[in-house]
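Attaching a single structure in structure tokens format; questions to follow.
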Amino acid sequence: MKKQADIHTVAVHGGTRKDDTFGAVNQPIYMTSNYRIPTDGTPVDWSGTESNIYARNRNINQMVLQDKLCALTGAEDCAVFASGVAALAGVFIPFLNSGDHAVVSEVCYSATNLLFRKYLPEKYNIEVTFVDTTDTEAVRAAMRPNTRLVHVETPGNPTTGISDIEAISKIAHASNALLSVDATFAGPVSLFPLKLGADLEIHSMTKYINGHGDSLGGCILGKKELLAQVKEIAMVNFGGILSPFNAWLVARGLVTLPLRMKQHSEVALEVAKFLANCPAVRFIWYPGLASHPQHERAKALLHGGYSGMIAFDIKGTEKQHQQFLDALTLITHAVSLGDVESLIVYYDKNSDKLPHYPEIFREGFFRFSVGLEAAEDLIADIEAALKTCGLL
């Protein structure tokens, strides 16, 4: 049996296709909305996703990216979308019907929160129970006879809480429910939800997969039978397709993902250690620290590092928090994450999301996406900013 290639090799070569037209080494961008329809009597499925008819159904760059993601994660099939939110909707809409019940991570991305707290219940009569999914027994207690989906976000955005995917998958499947896992914070080379029993794995490819802050995208990974429904409903008929150019950008970024995740994780761990010992810091959650409430679980689930996401807060007033942000020169105040450069965003104590987070977060905190810079330079930037606002 042929040896399974290393993940670095798979990231470079997995899913690639030869350009037989001109022999290009790198995948060309196929900027076309239409493809020639066979005239030899071959049956044509106008809305199908298994042949090239119309770019909303399928395009070459989308196919290459989907194949690369499958090679990297071991998924049977993949669907890519115009954004991470489109991918989330691509799970919720096909698999939930009026009268169904869903169990959802209390700590989750803001769009997920809004979909499940407002739009899905109000518009589609879907019942929702939010729970702390890091507490496996809370998930078990929330299950109902009409539960059709358990949606877990791990590591949780923005707190970095870690849920036991394998245990939750057994709970979901015992009730004939699907388990979907948004693993954006970990990336597809650090956490493998499908191998732990999840039915569907979701990523905002805007973040670590693309990694360069220049493209939006989302993906859903899983078994072919489930992805067939996703593609028919969410891709073809809801039209959330990823453009050829953005698919090409994301596929380009994907090649260096294992290398980048290693650097993100190593730098984040050093920065987290500094913050944990800094007298100006009120608290820090980073899965790589022994002080993290699910550190042992993170050690078992995360591979090759703990990703680059840190949640922390500093002491002092709201004004000092703002002064700290304003004084940072290397770290950028911006809402996204997973980029090559370090990004930070502040949730102040008036944020409507804070009541849904663990108590220590409710006074406000920073979500810090550690980039690829040298740890000592990021630490120096933080130290200088803390001195500027009078906390050091």
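The values are calculated or read from the model by the stated rules, or taken from the named source; none is laboratory data. What you are looking at is a predicted structure, and each value in this text was computed from that prediction instead of being measured. In this analysis, Cβ positions are derived from the backbone assuming ideal geometry, glycine residues included, and neighbour counts consider all displayed protein chains.
Take Val335 and decide whether it is modelled with pLDDT of 95 or more and within 22 Å of Ala186 (Cα to Cα).
For Val335, the condition - modelled with pLDDT of 95 or more and within 22 Å of Ala186 (Cα to Cα) - is not met.
I'd like the full set of residues that are farther than 23 Å from Arg260 by Cα and of a type in the set (D, E, K, R), limited to segment 298-330.
Asp313, Lys315, Glu318, Lys319, Asp326
So, one more: For Ala75, all conditions in the list (1) in contact (Cβ under 8 Å) with a residue 40 or more places away in the chain; (2) among the hydrophobic types (A, V, I, L, M, F, W, C); (3) assigned to a loop (DSSP other than H, G, I, E, B); (4) surrounded by fewer than 17 Cβ atoms within 10 Å (Cβ to Cβ) hold save one; what is the number of the exception?
Tallying (1) in contact (Cβ under 8 Å) with a residue 40 or more places away in the chain; (2) among the hydrophobic types (A, V, I, L, M, F, W, C); (3) assigned to a loop (DSSP other than H, G, I, E, B); (4) surrounded by fewer than 17 Cβ atoms within 10 Å (Cβ to Cβ), Ala75 fails exactly one: (4).
Hey, Asp19 hits all of (1) closer than 20 Å to Leu226 by Cα; (2) of a type in the set (D, E, K, R); (3) touching a Pro at 6+ places or on another chain (Cβ under 9 Å) but one; which does it fall short on?
(1)
Please specify each residue of segment 343-392 satisfying the condition of being of a type in the set (Gly, Ala, Ser) and touching a helix residue (DSSP H, G or I) at 6+ places or on another chain (Cβ under 6 Å).
Taking segment 343-392 and keeping what is of a type in the set (Gly, Ala, Ser), we get 351, 364, 369, 371, 374-375, 380, 384-385, 390.
Matches in segment 343-392: Ala375, Ala385.
For segment 334-344, indicate whether the set of residues that are in contact with a strand residue (DSSP E or B) (Cβ under 7 Å, 6 or more places away or on another chain) and at positive phi is non-empty.
yes
Filter segment 29-47 for residues that are surrounded by fewer than 18 Cβ atoms within 10 Å (Cβ to Cβ) and in contact (Cβ under 8 Å) with a residue 12 or more places away in the chain and give the result. Even if it seems obvious, please write down each step before you answer.
As a first pass, look at segment 29-47 and keep what is surrounded by fewer than 18 Cβ atoms within 10 Å (Cβ to Cβ): 29, 31-47.
Listed by number, the residues that qualify are Ile29, Met31, Thr32, Ser33, Asn34, Tyr35, Ile37, Ser47.
Which residues, counting only those in segment 99-118, are free of Cβ contacts under 8 Å to residues at least 24 places away in the same chain, loosely packed, with under 14 Cβ neighbours inside 10 Å and not aliphatic (A, V, I, L, M)?
Matches in segment 99-118: Lys118 only.
Would you confirm whether any residue within segment 69-82 is aromatic (Phe, Trp, Tyr) and over 15 Å from Ser180 (Cβ atoms)?
Within segment 69-82, not a single residue is aromatic (Phe, Trp, Tyr) and over 15 Å from Ser180 (Cβ atoms).
From the list Glu225, Glu201, exactly one residue is in the same structural domain as Arg56 (by TED's automatic domain parsing) and without any contact (Cβ under 8 Å) to a residue 12 or more places away in the chain. Which is it?
The unique qualifying residue is Glu225.
Regarding Gly197, is this residue surrounded by fewer than 19 Cβ atoms within 10 Å (Cβ to Cβ), within 18 Å of the chain's Cα centre (by Cα) and more than 20 Å from Leu257 (Cβ to Cβ)?
Values: surrounded by fewer than 19 Cβ atoms within 10 Å (Cβ to Cβ): yes; within 18 Å of the chain's Cα centre (by Cα): yes; more than 20 Å from Leu257 (Cβ to Cβ): yes.
Against the criterion (surrounded by fewer than 19 Cβ atoms within 10 Å (Cβ to Cβ), within 18 Å of the chain's Cα centre (by Cα) and more than 20 Å from Leu257 (Cβ to Cβ)), Gly197 qualifies.
Additional query: Count, please, the residues in segment 337-390 that happen to be in contact with a Lys or Arg (Cβ under 6 Å, 6 or more places away or on another chain) and either assigned by TED's automatic domain parsing to the domain that holds Thr159 or assigned to a loop (DSSP other than H, G, I, E, B) (or both).
Of the residues in segment 337-390, 4 are in contact with a Lys or Arg (Cβ under 6 Å, 6 or more places away or on another chain) and either assigned by TED's automatic domain parsing to the domain that holds Thr159 or assigned to a loop (DSSP other than H, G, I, E, B) (or both).
While we're on this one: Within segment 48-65, can you find the residues that are among the charged types (D, E, K, R) and either surrounded by 20 or more Cβ atoms within 10 Å (Cβ to Cβ) or not assigned by TED's automatic domain parsing to the domain that holds Asp19 (or both)?
Selection gives Arg58 alone.
Any residue in segment 172-195 that is on the phi > 0 side of the Ramachandran plot sitting within a Cβ distance under 7 Å of a residue that is hydrophobic (A, V, I, L, M, F, W, C) and in a loop (DSSP other than H, G, I, E, B)? List the pairs, counting only those 6 or more apart or interchain.
Within 7 Å, the pairs are Gly187/Ile209.
Let me ask something additional. Need a quick list: helices (runs of 4 or more DSSP H) entirely within segment 203-317 having at least 3 residues that are at pLDDT 95 or above and under 17 Å from the mean Cα position of the chain (by Cα).
Filter on segment 203-317 gives 244-254, 257-276.
Would you tally the residues in segment 318-354 being within 23 Å of the chain's Cα centre (by Cα) and not β-branched (Val, Ile, Thr)?
15
Within the bounds of segment 40-49, is there any residue that is polar (S, T, N, Q) and touching a Gly at 6+ places or on another chain (Cβ under 6 Å)?
Checking segment 40-49: not a single residue is polar (S, T, N, Q) and touching a Gly at 6+ places or on another chain (Cβ under 6 Å).
Only strands (runs of 3 or more DSSP E) wholly contained in segment 101-183 count here; list those with 2 or more residues that are of a type in the set (D, E, K, R).
Working: elements: 101-105, 127-131, 147-153, 178-182.
Counting at least 2 such residues, we get 147-153.
Mind checking whether some residue in segment 266-282 is surrounded by 21 or more Cβ atoms within 10 Å (Cβ to Cβ) and either charged (D, E, K, R) or within 26 Å of Val91 (Cβ to Cβ) (or both)?
No, that holds for no residue.
Here's something else I'd like to know. Quick check on segment 15-28: of everything there that is surrounded by fewer than 18 Cβ atoms within 10 Å (Cβ to Cβ) and closer than 28 Å to Gly240 by Cβ, which residue is farthest from the chain's Cα centre (by Cα)?
Selected residue: Asp19.
For segment 233-265, what are the residues that are of a type in the set (D, E, K, R) and buried (at least 17 other Cβ atoms within 10 Å of the Cβ)?
Arg252, Arg260
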